[in-house]
Amino acid sequence: MISTVHGVVRAVHSDRLIVEVGGVGLSILVNTQLTTEVSIGSQLLLYTTLVVREDSLTLFGFAHDETRTIFELLQTVSGIGPKVALSILGVLTPEDLGRAIAHDDVATIERVPGIGKKGAQRLILELKGRLTSLTNSAAFSAHVPAWREDLTGALITLGFSPRDSDAAISVLISRLTNEGVDPKSLALGDLLKDVLSQGKISRE
């Protein structure tokens with residue numbers, strides 16, 4: 001995993017930067033706001049996430065570690081991949097996103113290209129309570145209910161990846177909410193059996 005990149009900006013494009021590190025130019029996808037804040041020849045530190053696909057390796061970069069964490073959290077929402085997550089953070093600041101989730105503000109999230117009403121509602125549903133506060137400094141505190149933490153731990157113990165476990169639990173929450181069932185009212189064993197029956201997570 002490439003967690004940070006510190007080097008000289010060699011090129012600025014509308015959706016990416018070329019940053020030279022040790023004589024190698026790295027192409028890093030960033031949001032449009034960041035491209036307007038940097039200049040060619042300047043030193044830059046980015047907090048990065050490497051997204052691995054069968055046919056590609058894509059590096060995404062952020063000015064703040066907290067923003068990177070939110071980027072990764074957004075991808076646990078059903079139907080949101082890295083490019084959509086980056087687009088969200090290009091339109092909404094972490095503070096705006098936190099407020100929209102806290103106040104069920106669908107209209108604000110709908111401002112993001114590619115996010116319709118249903119997508120905005122799903123994002124709010126699956127992230128509600130996981131971003132409890134956002135400040136002007138973009139720092140935030142994440143609250144994970146005890147039952148969810150226990151369920152994640154159980155899945156990881158069984159050999160499933162943290163990200164896939166988190167995504168599968170989000171799907172479970174969405175379904176239980178639609179059925180009017182509070183997850184915390186169910187036993188851990190029942191929750192675990194339910195997640196495994198979805199067949200949507202893979203072992204590391």
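Side notes on the structure shown:
- Lysines whose Cα lies under 17 Å from that of Lys128, excluding same-chain neighbours fewer than 8 positions away: Lys117, Lys118, Lys184
- Mean projection of the Cα convex hull over all viewing directions, computed for the stretch 146-198: 3.2 nm².
- Rh (Kirkwood; distinct C-alpha pairs) - the stretch 4-62, Å: 11.4 Å
- The H on the amide N of Leu26, modeled in the peptide plane, is under 5 Å from the matching H of Val19, Glu20, Val21, each at least 5 residues off or on a different chain.
- Cα-Cα separations in the chain greater than 30 Å, expressed as whole percent: 27 percent
- In whole angstrom, the stretch 65-140 maps to an equivalent ellipsoid with semi-axes of 16, 14, 11, each derived as √(5λ) from the alpha carbon gyration tensor and ordered largest first.
- In degrees, nearest ten, helix 188-198 long axis to first principal axis of the chain (Cα): 60 degrees
- Each semi-axis of the equivalent ellipsoid for the stretch 1-107 is √(5λ) with λ an eigenvalue of the Cα gyration tensor; in descending order they amount to 25, 16, 11 Å.
Bear in mind these aren't lab numbers, they're just calculated from the coordinates by the rules spelled out. Please read all numbers here as calculations on a predicted model, not as lab measurements.
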